[in-house]
1. I need the full set of residues from region 24-64 which are at positive phi and either crowded, with 20+ Cβ neighbours inside 10 Å or assigned to a helix (DSSP H, G or I) (or both), in order please.
2. Starting from residues that are away from ligand 2 (no atom under 16 Å from the Cβ), part of a loop (DSSP other than H, G, I, E, B) and surrounded by 15 or more Cβ atoms within 10 Å (Cβ to Cβ), keep the ones in region 181-205 and report whichever is nearest to the chain's Cα centre (by Cα).
3. Restrict the check to region 313-322 and report whether at least one residue is under 25 Å from the mean Cα position of the chain (by Cα), over 30 Å from residue 6 (Cβ atoms) and part of a helix (DSSP H, G or I).
4. Before we move on, is residue 337 more than 17 Å from residue 360 (Cα to Cα), in a helix (DSSP H, G or I) and either touching a residue at least 60 places away in the same chain (Cβ under 8 Å) or within 25 Å of the chain's Cα centre (by Cα) (or both)?
5. If a residue must be without any contact (Cβ under 8 Å) to a residue 12 or more places away in the chain and touching a strand residue (DSSP E or B) at 6+ places or on another chain (Cβ under 9 Å), how many such residues does region 221-250 contain?
6. Just name the residue that is farthest from residue 247 (Cα to Cα) out of those in region 5-29 that are away from ligand 1 (no atom under 13 Å from the Cβ) and at pLDDT 95 or above.
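The values are calculated or read from the model by the stated rules, or taken from the named source; none is laboratory data. What you see is a predicted model; the values in this text were computed from it and never measured. All Cβ positions, glycine included, derive from the backbone under ideal geometry; neighbour counts span all protein chains shown.
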Ligand SMILES: Nc1ncnc2c1ncn2[C@@H]1O[C@H](COP(=O)(O)OP(=O)(O)OP(=O)(O)O)[C@@H](O)[C@H]1O
Ligand SMILES: [Mg+2]
């Protein structure tokens with residue numbers, strides 16, 4: 001792969017450490033938590049790089065560098081993405097399928113997993129594209145979930161290899177129709193102290209209370225780690241190196257402009273750099289950057305324009321005002337309301353609540369901002385062209 005001309009700015013997943021910028025401290029913290037068998041919860045804004053970080057850590061756990069003097073053995077990672085799951089049955093299907101991906105080479109492993117889950121009537125299907133086996137269980141009640149999860153954990157705790165469970169988008173379980181899911185999982189997880197769990201999610205208002213509100217089953221059961229923006233100097237170095245390795249030049253001013261426009265938010269930086277890299281240019285100049293920004297906005301236009309019909313008038317005006325100000329500390333302040341004709345503080349407070357519930361806006365640092373950076377830029381652009 002290295003000799004191929006390849007766009008080094010990845011926007012759709014993790015393809016290896018060469019294309020992953022920094023996150024050294026976070027990676028070390030996660031590796032330490034795992035080797036000390038501590039549970040950890042990773043929280044950040046959407047698209048900041050949680051899944052990338054989990055996969056980067058997984059990569060490290062599976063590849064002990066040659067000549068490393070540390071007494072380390074590869075750790076088996078069970079990575080489970082709960083985003084598409086809607087209930088306990090989906091969750092169990094995803095967990096048991098993830099388990100199968102662990103040791104596909106060992107034929108009897110599949111048989112063992114199926115035997116453990118026999119009472120849940122497992123069915124195996126093979127993914128058309130990847131050929132990977134997936135499990136479908138018949139889970140009828142919370143006690144089936146308890147049975148299945150407990151037996152799976154008991155089974156893997158007997159495998160003579162260190163393990164870690166990674167639950168991505170863990171807040172999803174609070175959306176399941178089964179009411180006692182948090183309790184049930186917490187009780188089972190607690191009885192396997194030798195298996196560390198990493199929980200990850202973006203929905204701060206759902207995930208954080210699960211772990212930090214007294215009275216919730218997961219209260220204080222994992223240390224919380226907030227994933228912030230990649231520090232600008234590290235990201236700058238990464239970007240310069242990637243362009244230079246392809247014989248392209250990008251200067252400090254150009255990078256600063258990209259960082260400001262994308263708020264240094266990982267996905268958006270990657271996306272803009274990906275498009276800049278793709279252009280057949282030796283020098284990334286201001287003109288090309290303007291073209292790429294414009295291209296980004298127009299390519300998202302159909303989606304962004306559709307929000308106009310989905311969001312009530314007052315909320316939309318507030319959204320636009322926040323975008324125009326490029327974030328606002330106090331949206332209920334008199335000056336802001338007057339400048340943007342937003343009626344009253346109480347109506348702004350109500351719209352704020354509604355927009356934040358829909359994750360259209362979020363508090364970042366001390367400011368309210370439009371969550372999707374490109375949408376925020378599009379709203380500004382629309383306003384400027386009025
Ligand atoms: N350290 C990094 N260096 C380079 N690219 C990264 C890095 N971290 C993440 N990315 C890229 O940024 C994008 C967003 O990252 P990722 O999907 O990991 O974020 P996330 O926080 O899990 O988002 P979501 O909340 O939507 O699940 C991905 O395309 C990923 O490839
Ligand atoms: Mg993710």
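1. 49
2. 196
3. Yes, because at least one residue in region 313-322 is under 25 Å from the mean Cα position of the chain (by Cα), over 30 Å from residue 6 (Cβ atoms) and part of a helix (DSSP H, G or I).
4. no
5. Matching residues across region 221-250 total 1.
6. For region 5-29, the residue satisfying everything is 29.
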